[in-house]
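Below is one structure, written out as structure tokens, with a few remarks after it.
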Amino acid sequence: MYVRNLSQALAQLGHTVEVVSGPPHLDLDPAVRLHEIPCLDLYRPDDPFRIPTLRELSSPINLVEWMSTSTMGFPEPFTFGLRAYRFLRRRFANYDVIHDNQSLSYGLLAMQRHVPTIATVHHPITVDREVAIRSERWWWKKLKWMRWYSFLGMQKRVTRRLPRLITVSECARQDIGREFRVPLEHLKVVPNGINTGDFFPMPHVERSRDRILVTNSADTPLKGLPHLLDAVAELRRRRRVKLIVVGTPKEDGVVLRRVRELSLGDEVEFTGHITHAEFVRQYAQAAVAVVPSVYEGFGLPAGEAMACGVPVVSTTGGALPEVVGEAGILVPPADPRALAAAISHVLDHPDQAKEMSQRGLERVRTLFTWRRAAEQTVAVYREAIHGHS
């Protein structure tokens, strides 16, 4: 989403933009040229963790990728950077600047010797690692997470050697500076935009009373969905509610297990995969959108809900207060009772909910446009070009 929207906005400003990407396929604006780099694609849904052919493994990069994946690592940031460098090394003269979207691979350090190079770091992945490890009871599962996040050592070393970095919030800037030991003057804050052509109010669609929407079905502990399920169980004691969860949970994951433990089968509905048009309609039908994340480097779900004119209840995890501001109700992260109380307040006060919706819509249109993000990004590009030696 970040690459698609930013590249489109840069092209609309008159810049020539090319994107180098691995899978999955990116649907980009026609003005943006896409170069897709082949890789083993060991995480593709139709054939996950497949065994590569001997011919594929004759490539040293492929061999490293397969061996690391086979030992519970996540090598794609590292191997993508090597493949991107190999693709670009005969094309460096074509570009004024290279912009990485948080692969933070050693390949970037080779690139920056030839072309001014910057990177966007959305938030420090050390936060994801710490929350994932804390969520596990068994030491061997903790070790699995430590192995999965072993790419973080590389990312820390690379960020310290890039003179200019972009991040998407002041909270993320402070956290990256602390976690990665990066001087704060190297980090420029450029907030994400919200595509108001994709997310918009539908006033002709009637909102359903007591209908709650959350847009992340992931089992990732950082997203905090189990805390919202606990809040729904609390709300059920006093009123009828329906929680709509956009997406499909893992069959053996913590989310479905928590639904069963709380006997929430009648109160929780998972949409499965839906079209974007249906996604926006789900926003239009909701009485309130909830962002229960423990931490967000920016908080796109909150911004998208606000762009659709939906009142928002959000935690204060990470940068969410910077996005929501005075346009929603903020509660501490991992606090089901506070979530339940805030949701109940919105449902019980429709006039206030309407005011929140309007404030959120105005906030997005004023502060979070992709054109504004592109203009600020170009300013960082110019600094990088001017400072490159």
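Summary of computed values
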quantity	calculated
Segments classed as helices (runs of 4 or more DSSP H), wholly inside the range 318-389, with at least 2 members that are under 23 Å from Gly193 (Cα atoms) and of a type in the set (A, V, I, L, M, F, W, C)	320-324, 350-367, 370-387
In the range 99-120, the residues that are under 23 Å from the mean Cα position of the chain (by Cα) and either of a type in the set (A, V, I, L, M) or part of a loop (DSSP other than H, G, I, E, B) (or both)	Gln102, Ser103, Leu104, Ser105, Leu108, Ile118, Ala119
Selection status of Ser314, modelled with pLDDT of 95 or more and either surrounded by fewer than 24 Cβ atoms within 10 Å (Cβ to Cβ) or in a helix (DSSP H, G or I) (or both)	no
Yes/no for Asp96 being surrounded by fewer than 15 Cβ atoms within 10 Å (Cβ to Cβ) and either assigned to a helix (DSSP H, G or I) or modelled with pLDDT under 95 (or both)	no
Count - residues of the range 157-170 that are surrounded by 19 or more Cβ atoms within 10 Å (Cβ to Cβ), without any contact (Cβ under 8 Å) to a residue 60 or more places away in the chain and outside any loop (DSSP other than H, G, I, E, B)	3
Residue list for the range 199-209, restricted to those being closer than 24 Å to Arg240 by Cβ and crowded, with 18+ Cβ neighbours inside 10 Å	Arg207
Scope the range 20-78; condition aromatic (Phe, Trp, Tyr), without any contact (Cβ under 8 Å) to a residue 40 or more places away in the chain and in a loop (DSSP other than H, G, I, E, B); matching residues	Tyr43, Phe49
Hits in the range 219-262 - residues which are surrounded by fewer than 19 Cβ atoms within 10 Å (Cβ to Cβ), in contact (Cβ under 8 Å) with a residue 24 or more places away in the chain and of a type in the set (Lys, Arg)	Arg236, Arg238, Arg239, Arg240, Lys242, Lys250
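The values are calculated or read from the model by the stated rules, or taken from the named source; none is laboratory data. Since the structure is predicted, the reported quantities are computational estimates derived from the model, not experimental observations. Cβ coordinates were reconstructed from backbone atoms using ideal geometry, including for glycine residues, and neighbour counts include every protein chain displayed.
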